[in-house]
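To start, the structure itself, in structure tokens.
The values are calculated or read from the model by the stated rules, or taken from the named source; none is laboratory data. Keep in mind it's a predicted model, so treat the numbers as computed, not measured. Here the Cβ positions follow ideal geometry from the backbone for every residue, glycine too, while neighbour counts run over all protein chains shown. All accessible areas refer to the heavy atoms of the entire protein, side chains included, with ligands and DNA or RNA removed. Shrake-Rupley method; radii C 1.70, N 1.55, O 1.52, S 1.80 Å.
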Amino acid sequence: MYTAQGFEFDYVGVIFGRDLRYDPAINDWMGDHKESKDGLLVTQGKKNFTEFVKNTYRVLLTRA
């Protein structure tokens, strides 16, 4: 789960899981739907999984 609406935090941390990894060989991010714990994203987003998971992390990292 990655929502905490209605709460106020002084500090926030984001732990990257194995669902998104940086691959220096191709100089890009790689998504792995087998490592994701987000059931909805895994079942409905296999085609664009990497873009969806990158967007999830982007939102988490920009909502301080």
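Scanning the range 34-51 for residues that are modelled with pLDDT of 80 or more and either surrounded by 17 or more Cβ atoms within 10 Å (Cβ to Cβ) or of a type in the set (S, T, N, Q) (or both) yields S36, N48, F49, T50.
Filter the range 13-30 for residues that are aliphatic (A, V, I, L, M) and either at positive phi or at pLDDT 85 or above (or both); which is least open to solvent (accessible area, probe 1.4 Å)? Break it down stepwise before answering.
Narrowing the range 13-30 to residues aliphatic (A, V, I, L, M): 14-15, 20, 25-26, 30.
Then keep just the ones that are either at positive phi or at pLDDT 85 or above (or both); that gives 20, 25-26, 30.
Working: L20: 12, A25: 94, I26: 96, M30: 85 Å².
Among them, the one singled out is L20.
The set of residues in the range 13-39 that are within 13 Å of the chain's Cα centre (by Cα) and of a type in the set (A, V, I, L, M) comprises V14, I15, L20, M30.
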